[in-house]
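The values are calculated or read from the model by the stated rules, or taken from the named source; none is laboratory data. Values in this document were obtained by computation on a predicted structure and should not be read as measured data. Note: ideal-geometry Cβ built from the backbone for every residue, glycine included; neighbour counts use all protein chains shown.
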Amino acid sequence: MRLIGVRVFLSVCLMLSLPVVSAAPDIAQIVRTSAPSVVTVQAVQWVKVKVPEEYKNITSDPVYQVFTRVFGDGDEPPVKADAAPVVKKKTQGSGFIIAPNGVVLTNYHIVVGAHEIYVQLSDKRRLKATLLRSDSKRDMAVLKVAAGSLPALPMADNVAEGEFVLAVGANQKGVSAGVVRADLALTKSLGLLTDVDIDKSNTGGPLLNTQGEVLALNSNLLKSQQGLTRHVMVSKLVSSKDLAQKLPQTWQQLGFQAENVTEKTQTELGLPNATGAWVRNIDAGSPAARAGLLKGDVIVALESQRVIDVSDLSALRDFLSQGDEVEVTVWRGGDRRELRMSIPKATNAFDEANFFAWQRLGLKVRGLTPAQKSQVSSDNGVQIAFVQGAAQAAGLQAGDVLLSLNQQDIRSVEGFNQAAKTFATGQSVFVYVVRGATRQFVGIEVRD
């Protein structure tokens, strides 16, 4: 009996000394539960094909027709058969719903430069999306679709080093598991470091914990020097309510304001459908005015490509920035009319200082009119006319009003260009800009 008692005592001690083994996470269940909230994001960029004069009727060429069916929208023919060729280049990735009212998070690199963005839900609905805001350094973009009662993923409040995590892509693809190697406290601004494999199949999707809560946004571009994957915690960005506050779009540099066509507008104007961009205002002497655009016109096509809503007008801005003359189709008084819009060559004139600003910061600017100075309540500032490179990556847009560079007030185009020459390659420049009612600092890294 005494021997049995000793054995029982030793067995109890051994059991108490063993680590408690937790049950392995049910990966399949986590993937199934999150699947309705993980979406496919498709970005479409309109690329105008430049061809010699003798090939202007290229759209009737069989080779071109095959090319556009493969790389373009085969189910969406141009408005005019003899139109200048525009190819629609597509990129695709994942995203996930973070608010039931249609707010979607995805990667910046998936949608950058897009003229159309679509979100395909798990139930196969394909909805046009609007870009609310973006952050190139975090490779993050916020989209909004016109839908309600969508299955938003819950957000995790905290994370611990060694915690099991799971990356998921759209259509339950790209499932990859791993652990957190360093948490927010250790990585400071980097957020999380994990050993999860992120690639094209799950970039833009969520990084989940074992409860199916979102920890971070996946990006196949954010790698650490140790070969680990960097993540920025979604809860540390901004709340979904803040993300849903749309930064206003503007076409001030072209001299007009427009808004989406509603069913009411369609009825009043006798439009065949509720699509297009309804012109509400025209600035005298602007490129839009010179082209013959009138208040009340509805822009229905650009270079024969249908305009669904005002977000498609970004293609107009990009075509013009390339120095092209753009064909604009409008609905006026029950008829279609063709207009030609261009920007005067004087706008593109450079001196050495302009070169620095354009090549290294990615900005061309113009002076403000008295009316624009009144709008921003300042005698300082210049208006951004065109963006590329570093400025575009930072999220600046044509039409923004730039008030200062590195807290130095900018009073003229010459002052801006001279300031641009003083910055060194790799230096971070903080730009203070006004966009609509929003004022914000934006960081630009000076390039070679």
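Among the residues in the range 386-393, are any surrounded by 17 or more Cβ atoms within 10 Å (Cβ to Cβ), in contact with an Asp or Glu (Cβ under 9 Å, 6 or more places away or on another chain) and modelled with pLDDT of 85 or more? Looking through the range 386-393, none of the residues is surrounded by 17 or more Cβ atoms within 10 Å (Cβ to Cβ), in contact with an Asp or Glu (Cβ under 9 Å, 6 or more places away or on another chain) and modelled with pLDDT of 85 or more. Residue 401 satisfies every condition listed in (1) crowded, with 16+ Cβ neighbours inside 10 Å; (2) under 18 Å from the mean Cα position of the chain (by Cα) except (2). Counting only strands (runs of 3 or more DSSP E) that fall entirely inside the range 96-178 and contain at least 1 residues that are among the acidic types (Asp, Glu) and farther than 29 Å from residue 442 by Cβ, no element qualifies. Considering only residues in the range 405-422 that are touching a residue at least 24 places away in the same chain (Cβ under 8 Å) and crowded, with 19+ Cβ neighbours inside 10 Å, the one that is farthest from residue 383 (Cα to Cα) turns out to be 420. Mind checking whether some residue in the range 308-316 is buried (at least 21 other Cβ atoms within 10 Å of the Cβ), at pLDDT below 80 and either of a type in the set (Lys, Arg) or touching a strand residue (DSSP E or B) at 6+ places or on another chain (Cβ under 6 Å) (or both)? So far as the range 308-316 goes, yes, one or more of its residues are buried (at least 21 other Cβ atoms within 10 Å of the Cβ), at pLDDT below 80 and either of a type in the set (Lys, Arg) or touching a strand residue (DSSP E or B) at 6+ places or on another chain (Cβ under 6 Å) (or both). When 136, 122 are checked against the criterion of being in contact with a Pro (Cβ under 8 Å, 6 or more places away or on another chain) and at pLDDT below 95, a single residue qualifies: 122.
Which one is modelled with the lowest pLDDT, of the residues in the range 87-102 that are buried (at least 20 other Cβ atoms within 10 Å of the Cβ) and β-branched (Val, Ile, Thr)? Of everything passing the filter in the range 87-102, 98 is modelled with the lowest pLDDT. A single entry from 246, 241, 188 fulfils the requirement of being part of a loop (DSSP other than H, G, I, E, B) and at pLDDT below 75: 246.
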